[in-house]
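The values are calculated or read from the model by the stated rules, or taken from the named source; none is laboratory data. All values reported here derive from a predicted model rather than from experimental measurement. Virtual Cβ from ideal backbone geometry, glycine too; neighbours counted across all protein chains shown. Surface accessibility is based on the protein's heavy atoms, side chains included, excluding ligands, DNA and RNA. Shrake-Rupley method; radii C 1.70, N 1.55, O 1.52, S 1.80 Å.
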Amino acid sequence: MFAKTHIAVLAAIGLTQFSSFTHAETTLNVASAGSQNMVDYVKTYLAPKFEATHPGVKVNVVGTGPGDAGSHKIMEKLSAQNDSGLDKWDIDVAVVHQQIGGELVKNGLLSKYRSDINTGSMVSRDSATNALGIDVDGYVMPMFHSQTAIAYNSDFVENPPKSYDELVKWTQQHPKSFGYNGIKNGMSGVSFVTGWIYAYGTEANKLSSMPYDKSVESSWDNAFAKLKEFNKNITFTPGNAGTLDMLNRGEIFMGPVWVDMFYSWKEQGKIPPSLKLSLIAPGMPGQPMYYVTPTKAEHPQLAREFIELATSPEVQADGIVKQFNWYPGIDANYVKAKLDNATWEKLFAEITPSDLSKYGKSFPIGPYFDDIKEGYERNVSN
């Protein structure tokens, strides 16, 4: 697609006009929510690659901030431009969190484009069609998938638990050796608690994709009581990094972590090689970031080509997997051929694509998510 677009541009303007065209640059505006390292990835890695294949195009990248708040800023801007009646909006591509991606579709602010790009058929996880209960099929392409899992020290844990049931038994036999941060100061703990509700309260599919029903919460009393009892045998950590720190120091032997953070620390020598990962049944949640293009983007075709490049197997392998230890947004089998064996084994030997398919869950829709956190504070913390 890139080559055909380039040829078309040359044919239209003629070679003698090319130098003047490069000075009159077309600007592709990209807004990215997320942490600074993600904004830097778009700005310093993706943008130069796209500009190299699109002479005369300049990619302007703006970060809107971490967390859902950064995605909210993008939604607020698009909503304001829509309300103002502008024919063209000044964001061509946006990178947003899953929940906001669904709200943008619901509010009619996004263009349906996935079937128009070559990589659109390469996605396989349900996050490409369902954003916490909202049908986003065709409107989004996952940039990557983050995932939580259980880290354990293999020097001390020969047979790690394979399910929440087995984990409960393990903590009874090894009190204070498992640690997590509750629901304070980090999403790894929140993810663990959400997985607990999936295991002992309500299954993930219902909480992640079905319409909200407040009465469902009433069936979680036993799950919270069981969790309060479980917490008597564990060690509380100060957060995402705190869990990894305590694992590194041998103060705990097991705890929930973000997979990308785990492997980054491992590469930096901040945790020992003996630490490994397991994704336990019935599953733990993670979330994607989405590439989207607004309904009235000024450069919709360039936006599609930018997203196609960003989700190509080559870029997913070199950028998403190698640079950040994220799981790819497209099916991992398309990426495998672009990775050396060592990189593939590092990311998929302990948690396989099959494990991710079976046990990689979405977070629940907003109201259920609030109910889980409020229920924890009310029934477990007190």
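Hey, can you tell me all the residues within the stretch 39-68 that are among the small types (G, A, S) and over 15 Å from the mean Cα position of the chain (by Cα)? Don't jump to the end; show me each part of the working.
Here is the first cut: in the stretch 39-68, the residues among the small types (G, A, S) are 47, 52, 56, 63, 65, 67.
Within the stretch 39-68, A47, A52, G56, G63, G65 qualify.
Looking for whichever is in a helix (DSSP H, G or I), at pLDDT 95 or above and hydroxyl-bearing (S, T, Y) here; the options are T194, T148, T202. Which one fits?
T194
In the stretch 293-302, which residues are under 18 Å from K77 (Cα atoms) and not hydroxyl-bearing (S, T, Y)? Reasoning before the result, please.
Within the stretch 293-302, the first condition is being under 18 Å from K77 (Cα atoms), and the residues that meet it are 293-300.
Across the stretch 293-302, the qualifying residues are P294, K296, A297, E298, H299, P300.
Select from the stretch 147-186 the residues that are within 23 Å of the chain's Cα centre (by Cα) and among the β-branched types (V, I, T) and write down the one among them that is nearest to N325 (Cα to Cα).
T148
Return the residues of the stretch 111-128 that are in contact with an Asp or Glu (Cβ under 6 Å, 6 or more places away or on another chain) and buried (at least 20 other Cβ atoms within 10 Å of the Cβ); say none if nothing qualifies.
If the condition is that a residue be in contact with an Asp or Glu (Cβ under 6 Å, 6 or more places away or on another chain) and buried (at least 20 other Cβ atoms within 10 Å of the Cβ), then I117, T119, M122 are the ones that fit.
Within the bounds of the stretch 271-285, is there any residue that is under 30 Å from K58 (Cβ atoms) and surrounded by fewer than 24 Cβ atoms within 10 Å (Cβ to Cβ)?
Applying the first criterion (under 30 Å from K58 (Cβ atoms)) to the stretch 271-285 yields none.
Taking every residue of the stretch 271-285 in turn, none turns out to be under 30 Å from K58 (Cβ atoms) and surrounded by fewer than 24 Cβ atoms within 10 Å (Cβ to Cβ).
Just for the stretch 211-236: of the residues that are touching a residue at least 60 places away in the same chain (Cβ under 8 Å) and either charged (D, E, K, R) or open to solvent by 80 Å² or more (accessible area, probe 1.4 Å) (or both), which one is nearest to K169 (Cα to Cα)?
So in the stretch 211-236, the residues touching a residue at least 60 places away in the same chain (Cβ under 8 Å) come out as 211-212, 214, 216-217, 220-221, 224-225, 227-228, 230-231, 233-234.
Now drop any that are not either charged (D, E, K, R) or open to solvent by 80 Å² or more (accessible area, probe 1.4 Å) (or both), which leaves 211-212, 214, 217, 221, 228.
Values: P211: 34, Y212: 33, K214: 31, E217: 26, D221: 20, K228: 15 Å.
My answer is K228.
Tell me, which residue of the stretch 151-177 that is part of a strand (DSSP E or B) and closer than 21 Å to F363 by Cα is least open to solvent (accessible area, probe 1.4 Å)?
Restricting attention to the stretch 151-177, the residues satisfying the condition of being part of a strand (DSSP E or B) are 151-153, 163.
With closer than 21 Å to F363 by Cα added as a condition, the list becomes 151, 163.
Values: A151: 0, S163: 25 Å².
Once the filter is applied, the top-ranked residue is A151.
For Q98, all conditions in the list (1) open to solvent by 10 Å² or more (accessible area, probe 1.4 Å); (2) closer than 12 Å to Y291 by Cα; (3) in contact with a strand residue (DSSP E or B) (Cβ under 8 Å, 6 or more places away or on another chain) hold save one; what is the number of the exception?
Looking at each condition in turn, Q98 falls short on (1).
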